[in-house]
Amino acid sequence: MQPISSKSKTALANSAAITAPAPQYAEVVFPLRVAQTFTYRLPLALRADAQIGARIVAPFGRKLLIGYVVALHDALDPGVELDDSDIKEAEELLDTEPMLTPEVLEVTRWISDYYAAPWGEVLKAALPAGLNATIEQILSITAEGRDEIAKLSTKQVSTAKGRALALIAEDGETTLRNVAREIGQARAAKVARELERAGWITFTNRARSATARAKRRKAVRLLPPEKHADKTARALTAAQGKIVETLIADGGEMFFAELLEAASVSASTVQTLEKRRIVEVFIREVRRDPLAGAMLPQTTDGLSLTDAQTIALNEIETALDAGAYAAFLLHGVTGSGKTEIYIRAMRAALLKGRSAMMLVPEIALTPVFSRRLRAHFGDAVAIFHSSLTVGERFDEWNRLKNGEARVVIGTRSAVFAPASDLGIVIIDEEHEASYRQQDSPYYNARDTAVVRASKAGAVVVLGSATPSLESFHNARAGKYRYLQLPNRIANRAMARAEIVDMREAFKTSGRHQVFSDQLLTAIEETHGRGEQSIILLNRRGYSSFVLCRSCGERVQCANCDVTLTFHRGENNLVCHYCNFRGRAPSECPSCNGQFIYFIGEGTEQIEEILQKRFPSIRIARLDRDTTSRRHSYEEVILRFGAGELDMLVGTQMIAKGHDFHNVTLVGVVSVDTGLALPDFRAAERAFQLITQVAGRAGRGELAGRVLIQTFHPEHYALRHARAQDYEGFFEEEIRHRKNMNYPPFVALASLLVHGEDLTRVQTTAAEIRDALDAANSERHCRILGPAPAPLARLRGEHRVQLLIKSRSRPRLRAVLDMALAYAAATRRCDLNSVNVEIDPVNLM
Ligand code: ADP
Ligand code: ZN
């Protein structure tokens with residue numbers, strides 16, 4: 001039988017405030033796609049240790065699951081009709097100290113409510129991967145089982161059953177996994193059940209402890225003379241003397257391995273000294289530091305701020321002094337000194353004894369910023385992002401949790417960092433779409449960070465050169481206080497942007513050209529002067545599709561509704577959505593035609609063309625293909641910064657955040673694919689991308705130049721980007737949004753139904769549409785669809801989309817919740833195949 005679910009989350013969570021010494025019941029959520037919390041009885045042994053925020057093991061259906069304790073009660077809530085005998089007992093507590101702080105619990109709860117996301121999934125996402133334990137089945141031998149083994153004939157011993165039993169008997173117990181290793185996956189479960197039925201073994205479940213632990217290494221230290229074993233001060237051998245000397249030179253303590261190496265002695269010599277109690281061998285915990293040995297930039301404490309910076313910082317500091325929530329939008333053109341303000345505002349918060357959080361949109365930006373923060377704040381900085389090893393992540397999380405670190409910098413999930421007493425939250429490049437999680441649980445880390453700041457009474461600063469329409473709108477509406485840095489530092493000119501009309505280039509040359517003459521000349525001149533350039537094309541690979549000239553067929557992915565991209569380096573066709581790979585064809589797969597054309601250049605090809613044409617320019621390419629190796633991105637960026645490379649070719653990952661003083665030319669090979677995307681944010685994204693990449697030029701003493709190639713020179717996003725006119729773009733875009741009923745004027749939700757069977761997907765979508773219509777009888781919402789999603793097939797699944805719009809967010813939620821509850825209750829459709837997104841960022 002299923003555990004009983006509570007009727008109302010709120011009623012139970014409120015009673016958590018009563019903290020009686022020994023609570024009898026725990027309210028638990030599991031990382032599953034269910035909205036409820038579940039009540040369990042705590043056995044006596046667990047009552048004293050149970051704490052809100054700890055992980056707990058409890059029976060769920062026929063399985064044991066790991067969940068999170070979100071409330072404790074002394075008695076059942078009288079408002080909830082639960083019969084004590086229906087309630088199951090919890091099995092085990094995994095933590096004696098809560099893993100989830102009250103603030104993180106509250107924030108995850110907000111996400112779960114606001115984004116209609118399962119709370120347990122959010123909680124799981126909030127903990128570092130190394131802490132997500134798993135349950136294992138343990139098989140233990142019984143007395144009868146032992147007797148049985150003694151009775152087995154040699155022939156019986158070698159059967160699967162005999163071997164399993166012998167293995168279990170060896171240590172008295174073992175895991176089902178080990179048994180599977182011995183006799184094969186297919187037979188293990190069946191054999192184990194037979195053994196259990198015979199009474200020879202018993203089953204229990206146990207949580208496998210966290211995979212990440214503190215790292216330990218053997219170390220050696222000198223002992224004071226009074227501890228030495230022989231007080232006669234017998235002379236040391238040469239090798240022993242070397243050890244003592246080496247240790248003294250290194251402060252009296254070294255890691256074992258390093259000591260052997262440095263003193264070139266053997267382990268046995270150290271052991272002899274250990275016996276004489278001249279040294280001691282011990283185990284030292286070592287921190288896995290993601291920035292160990294990194295070169296740090298110089299601090300900028302000596303700089304005196306510009307007037308605009310001073311005004312902005314003063315406003316932020318005044319809000320910090322007030323000690324209450326305040327939100328700012330810091331709109332500063334690229335190179336206007338926003339980062340300097342972030343750092344000083346964080347310092348101000350630290351000086352008040354509070355902690356600081358800085359979110360950056362991409363891993364790409366963490367190396368640069370984390371070094372800058374480390375240079376200012378030293379070991380007080382903890383770094384959170386997905387390319388850390390599990391061990392590093394665990395250590396950084398712990399350092400923050402125990403208060404050793406008080407500054408956290410990281411990507412999306414750093415918003416859940418266990419920082420206590422947050423004083424300031426910085427969200428850099430707040431307009432970036434990557435703040436949005438693209439899997440369940442869907443949440444936007446930017447908006448979550450604002451909510452977290454408001455709950456913590458902290459100041460939040462959203463920074464950008466190209467604020468999202470929503471945030472600028474919020475600033476206009478007075479929800480955020482607006483701070484502006486209108487000029488670059490030292491009044492350096494913004495780079496001059498020029499649009500290159502590729503229709504003209506085609507007319508003059510009469511053929512398709514990747515590079516216009518203007519761009520080629522500019523590259524030649526720039527590098528002739530010994531300056532650097534950045535060439536952007538937001539499309540990786542060599543050719544974006546393969547076309548047959550005979551039958552017009554494009555080579556498509558077998559699983560997705562997209563063309564395959566040719567990657568020359570590996571000589572494969574690759575799907576950029578599902579990673580499907582296949583050999584590049586030499587003839588058309590559908591008509592066997594010989595005229596196969598590779599069309600649409602990608603970064604790989606651009607690099608090749610440029611290298612051929614300019615052999616003396618040192619070019620590096622940065623895109624997801626070249627940066628899959630850990631640190632490779634960082635290496636290239638550092639070398640480019642040091643002038644060891646002349647040109648960077650890459651996708652949008654080179655567009656943002658960096659401060660290279662010798663870059664005077666930025667070329668955008670094409671912006672047209674981005675403009676053509678069927679998404680209402682396409683123009684906004686194109687505007688942002690061009691403005692950001694243009695901002696990489698002319699950041700030093702030298703003026704910069706930006707060339708943008710396009711077949712649509714009249715597009716308003718390009719017009720305003722060229723003029724570097726944010727407000728002009730905003731006014732035009734916001735009018736469109738208003739006329740077309742898009743955010744920020746309406747609340748938007750999307751329901752994406754997916755599955756392998758198209759008919760089933762369509763039926764489910766139609767059922768949901770009916771349920772939505774029924775819930776929307778007062779017509780406060782507009783419901784669109786079901787219609788095929790722009791990406792109608794992905795990873796072998798069909799995708800059908802419904803959109804809900806309403807001027808009233810509460811009404812939109814009411815309709816959505818009612819419809820989903822109805823669909824779930826009637827069990828007419830499988831809600832696991834429906835992705836519900838509130839405020840979706842990607843409508844593809
Ligand atoms: P943003 O984050 O707005 O792009 P940064 O903070 O990176 O700008 O500043 C751009 C450059 O100007 C950096 O090299 C930074 O060290 C420098 N800088 C910032 N503030 C000042 C200042 N007040 N005086 C001189 N240089 C400054
Ligand atoms: Zn695919």
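The values are calculated or read from the model by the stated rules, or taken from the named source; none is laboratory data. Everything numeric in this text was worked out from a predicted model, so none of it was measured. Note: ideal-geometry Cβ built from the backbone for every residue, glycine included; neighbour counts use all protein chains shown.
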TODO: Only residues that are touching a Phe, Trp or Tyr at 6+ places or on another chain (Cβ under 7 Å) and under 21 Å from Gln652 (Cα atoms): list them for the stretch 524-558, please.
DONE: Gln532, Gly541, Tyr542, Ser543
Task: Qualifying positions in the stretch 809-830 - surrounded by fewer than 17 Cβ atoms within 10 Å (Cβ to Cβ) and either in a strand (DSSP E or B) or out of contact with any strand residue (DSSP E or B) (no Cβ under 7 Å at 6 or more places or on another chain) (or both) - done: Pro810, Asp817, Met818, Ala821, Ala824, Ala825, Thr826, Arg827, Arg828, Asp830
Task: Residue count, the stretch 537-591 (criterion: more than 27 Å from the chain's Cα centre (by Cα) and either within 16 Å of ligand 1 (Cβ to nearest atom) or aliphatic (A, V, I, L, M) (or both)) - done: 6
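Tell me the residue from Leu350, Leu400 that is of a type outside the set (Phe, Trp, Tyr), surrounded by 23 or more Cβ atoms within 10 Å (Cβ to Cβ) and touching a strand residue (DSSP E or B) at 6+ places or on another chain (Cβ under 9 Å), please.
Details: Leu350 fails: surrounded by 23 or more Cβ atoms within 10 Å (Cβ to Cβ).
Only one candidate qualifies: Leu400.
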Task: Lone qualifier among Asp74, Asp49, Asp84 - being of a type in the set (Asp, Glu) and in contact with a Ser or Thr (Cβ under 7 Å, 6 or more places away or on another chain) - done: Asp49
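Pick from Ala465, Ala495, Ala477, Ala522: which is small (Gly, Ala, Ser), surrounded by fewer than 20 Cβ atoms within 10 Å (Cβ to Cβ) and either in contact (Cβ under 8 Å) with a residue 60 or more places away in the chain or under 28 Å from Ala682 (Cβ atoms) (or both)?
On the way: Ala465 fails: surrounded by fewer than 20 Cβ atoms within 10 Å (Cβ to Cβ); Ala495 fails: surrounded by fewer than 20 Cβ atoms within 10 Å (Cβ to Cβ); Ala522 fails: surrounded by fewer than 20 Cβ atoms within 10 Å (Cβ to Cβ).
Sole residue among the options that is small (Gly, Ala, Ser), surrounded by fewer than 20 Cβ atoms within 10 Å (Cβ to Cβ) and either in contact (Cβ under 8 Å) with a residue 60 or more places away in the chain or under 28 Å from Ala682 (Cβ atoms) (or both): Ala477.
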TODO: Please report, ordered by residue number, the helices (runs of 4 or more DSSP H) entirely within the stretch 468-579 with at least 3 residues that are modelled with pLDDT under 90.
DONE: 502-509
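Conditions (1) under 27 Å from Asp839 (Cβ atoms); (2) of a type in the set (A, V, I, L, M, F, W, C), marked per residue:
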{"residue": "Val669", "(1), (2)": "no, yes"}
{"residue": "Leu675", "(1), (2)": "yes, yes"}
{"residue": "Ala682", "(1), (2)": "yes, yes"}
{"residue": "Ala694", "(1), (2)": "no, yes"}
{"residue": "Tyr716", "(1), (2)": "yes, no"}
Open item on the list: I'd like the residue in the stretch 720-745 that is part of a helix (DSSP H, G or I) and in contact (Cβ under 8 Å) with a residue 60 or more places away in the chain and, out of all such residues, is farthest from Ile523 (Cα to Cα).
Closed with: Met740
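Every residue, every condition in (1) over 26 Å from Asn662 (Cα atoms); (2) among the small types (Gly, Ala, Ser); (3) surrounded by fewer than 19 Cβ atoms within 10 Å (Cβ to Cβ), yes or no:
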position: Asp321; (1), (2), (3): yes, no, yes
position: Ala327; (1), (2), (3): yes, yes, no
position: Gly332; (1), (2), (3): no, yes, no
position: Met346; (1), (2), (3): yes, no, no
position: Arg354; (1), (2), (3): yes, no, no
position: Leu359; (1), (2), (3): yes, no, no
position: Pro367; (1), (2), (3): no, no, no
TODO: Name the one entry in Arg779, Arg737, Arg760 that is among the charged types (D, E, K, R), more than 16 Å from ligand 1 (Cβ to nearest atom) and either buried (at least 20 other Cβ atoms within 10 Å of the Cβ) or within 31 Å of the chain's Cα centre (by Cα) (or both).
DONE: Arg737
TODO: Just give me the residues in the stretch 37-61 being modelled with pLDDT under 90 and surrounded by fewer than 17 Cβ atoms within 10 Å (Cβ to Cβ), in sequence order.
DONE: Leu44, Ala45, Ala48, Asp49, Gly61
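Quick check on my filter: what residues within the stretch 227-264 are of a type outside the set (Ser, Thr, Tyr), outside any helix (DSSP H, G or I) and within 46 Å of the chain's Cα centre (by Cα)?
So in the stretch 227-264, the residues of a type outside the set (Ser, Thr, Tyr) come out as 227-231, 233-236, 238-245, 247-263.
Right, trim to outside any helix (DSSP H, G or I) and you get 228-231, 233-236, 250-255.
Residues satisfying the conditions are Asp250, Gly251, Gly252, Glu253, Met254, Phe255.
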- [ ] Filter the stretch 265-314 for residues that are within 16 Å of ligand 1 (Cβ to nearest atom), free of Cβ contacts under 8 Å to residues at least 40 places away in the same chain, assigned to a loop (DSSP other than H, G, I, E, B) and not small (Gly, Ala, Ser) and give the result.
- [x] Leu303, Leu305
